[in-house]
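The values are calculated or read from the model by the stated rules, or taken from the named source; none is laboratory data. Everything numeric in this text was worked out from a predicted model, so none of it was measured. Backbone-built Cβ (ideal geometry, glycine too); neighbour counts: all protein chains shown. Areas reflect the complete protein model, heavy atoms only, side chains present, ligands, DNA and RNA absent. Shrake-Rupley method; radii C 1.70, N 1.55, O 1.52, S 1.80 Å.
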Amino acid sequence: MSHFQGQMGGQPQNPPMRGAFSPISAEQQQQFAYNSYPNQQPPQNAYSQPQPTYPQAQYPQQQPFVQQPVANQSTPYGMFAQNLQNNQAAQIGMQFAGNAMNAMQENVQQNVERYVSMRQLKHYFDVSNIYVLSKLRALVFPWMQKSWHRYAERDQTGQVVGYKSPREDVNSPDLYIPVMGLVSYVIAIGLIIGRLGVFHPEDLGYTASSALGVIVFEVLLIKMFCYLLNVGSELQFLDIVAFSGYKFVTTILVVLLKPWAPWWMTWSAFLYFGFALVFFMIRSLRHALIPESSSVTGVNVHRKRRIHFLFVIAMTQFLYIWILMQYKSSN
Amino acid sequence: MFGFGTLLYVTLLLLNAVAILNEERFLARIGWARNSAELYGDTESVKAKLINLISAVRTLMRIPLIATNVVVIVYALVLG
């Protein structure tokens, strides 16, 4: 059986990737999984395993059973694969399905593009390891951060187009840490409830819904105040979402202490990390909300109101962290 | 307790509350009418923007609010 093993090496042949969102249909999966074994007998070895009933399970895993090919007479799938390769009409049908899939994917892309700008989203996910570590350090120990200035991106003529991406600028907000923070927060709450012995699977859903509710509420509140105070393009919508999501980092640290540390330790950690987050938010949002007096001409700025607004945003972080710290404890 | 569904209910109730404010009986009495003279020059103060926001909610959201309220009422009746 040397020819048999040299051909494959124990790995399933991967179908060509057509983009992240196109699911492979069942027939194509089977065709590519069985493609290298067109006409072979099943090896009579000790590793025989029954064929899976649903072909979708084969694709991402490299299981040993794929080494045994689907032979013509052993299972109905074998004959199906045979017919696929020999049948012209089936080949044409599959090409048509592939084209249809591509067209659908482009259609979806265009529709999504109208609501959420993918290019802008990619800008927020363009992070590097150093950025993530620096940002986490700035969230937990904000006094160590030297400069909070955000660098502006300029195009060829020198005009200011936007801000630099997170990869180049440590102070630029990103969406990677908030998303990861949300997921980690849900998992951390699940862990705590599990250790306390009262875990039900739907609690994960409740926690995720609660966390999303807090974020949506905060973003809506900030957006409304931004409208009322004429804060225009200095503070983008996704920036607000990003800054709102940074609180998960500190919340996780506090909520992991809560079941197992004495109450004074938990509350002092709450106060410390709360003030750290407040400091972080104030320093980060100061440049966006409160322009330096030299750059403002003819626009009614209400400087004092904006300072109050910034302070209110920062102080309500305490409230949100407290809300996020509540979980169902054992009764 | 602070889930997403609760948030949706709360925003629906608040929008209802804003939508049923009567223009002439209430808002004019407290000086928040839409067409009063003081607003013509100054469109950027907080009060002017608030008045614009309230009137926009009342104009735009009446019909979708009716539909959403009916859906939520049916949902609450059927599913408890």
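Values as computed for the structure displayed
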item: Residue that is nearest to the other protein chains (Cβ to nearest Cβ) [pool: residues in segment B:1-32 that are open to solvent by 50 Å² or more (accessible area, probe 1.4 Å) and in contact with a Leu (Cβ under 7 Å, 6 or more places away or on another chain)]; result: B:Phe4
item: A:Ser209 being outside any helix (DSSP H, G or I), open to solvent by 20 Å² or more (accessible area, probe 1.4 Å) and either of a type in the set (Ser, Thr, Tyr) or touching a strand residue (DSSP E or B) at 6+ places or on another chain (Cβ under 9 Å) (or both); result: no
item: Number of the exception - A:Lys135 against (1) surrounded by 13 or more Cβ atoms within 10 Å (Cβ to Cβ); (2) in a loop (DSSP other than H, G, I, E, B); result: (2)
item: Hits in segment A:227-246 (condition: within 11 Å of another protein chain (Cβ to nearest Cβ), surrounded by 17 or more Cβ atoms within 10 Å (Cβ to Cβ) and assigned to a helix (DSSP H, G or I)); result: A:Leu228
item: Segment A:105-129, subset touching a residue at least 24 places away in the same chain (Cβ under 8 Å) and assigned to a helix (DSSP H, G or I), residue least open to solvent (accessible area, probe 1.4 Å); result: A:Tyr124
item: Filter result (within 14 Å of chain A (Cβ to nearest Cβ) and out of contact with any helix residue (DSSP H, G or I) (no Cβ under 7 Å at 6 or more places or on another chain)) within segment B:56-69; result: B:Ala56
item: Per-region count, segment A:172-206, residues outside any loop (DSSP other than H, G, I, E, B) and either closer than 30 Å to A:His287 by Cβ or among the charged types (D, E, K, R) (or both); result: 13
item: All positions within segment A:138-171 that are closer than 24 Å to A:Gly274 by Cβ, open to solvent by 50 Å² or more (accessible area, probe 1.4 Å) and outside any helix (DSSP H, G or I); result: A:Phe141, A:Lys146, A:Ser147, A:Val170
item: Filter result for A:Leu196 (farther than 20 Å from A:Ser244 by Cα and either open to solvent by less than 30 Å² (accessible area, probe 1.4 Å) or in contact with a Pro (Cβ under 9 Å, 6 or more places away or on another chain) (or both)); result: yes
item: Every pair of residues 6+ apart whose Cβ atoms lie under 9 Å, when the first sits in segment A:187-211 and is within 14 Å of chain B (Cβ to nearest Cβ) and within 12 Å of B:Phe2 (Cα to Cα) while the second is open to solvent by 60 Å² or more (accessible area, probe 1.4 Å) and of a type in the set (S, T, N, Q); result: A:Ser209/B:Thr6; A:Ser210/A:Gln326; A:Ser210/B:Thr6
item: Hey, A:Ile193 in contact with a His (Cβ under 9 Å, 6 or more places away or on another chain) and under 30 Å from A:Tyr327 (Cβ atoms) or not; result: yes
item: Any pair with Cβ under 8 angstrom, 6 or more apart, that starts in segment A:303-327 at a residue that is more than 11 Å from chain B (Cβ to nearest Cβ) and ends at one that is among the charged types (D, E, K, R) and open to solvent by 80 Å² or more (accessible area, probe 1.4 Å); result: A:Leu310/A:Arg286
item: Residue identified as in contact with a Lys or Arg (Cβ under 9 Å, 6 or more places away or on another chain) and closer than 13 Å to A:Gly181 by Cβ among A:Val214, A:Val255, A:Val241, A:Val231; result: A:Val214
item: A:Gly98 vs. criteria open to solvent by less than 40 Å² (accessible area, probe 1.4 Å), more than 19 Å from A:Val241 (Cα to Cα) and modelled with pLDDT under 85; result: no
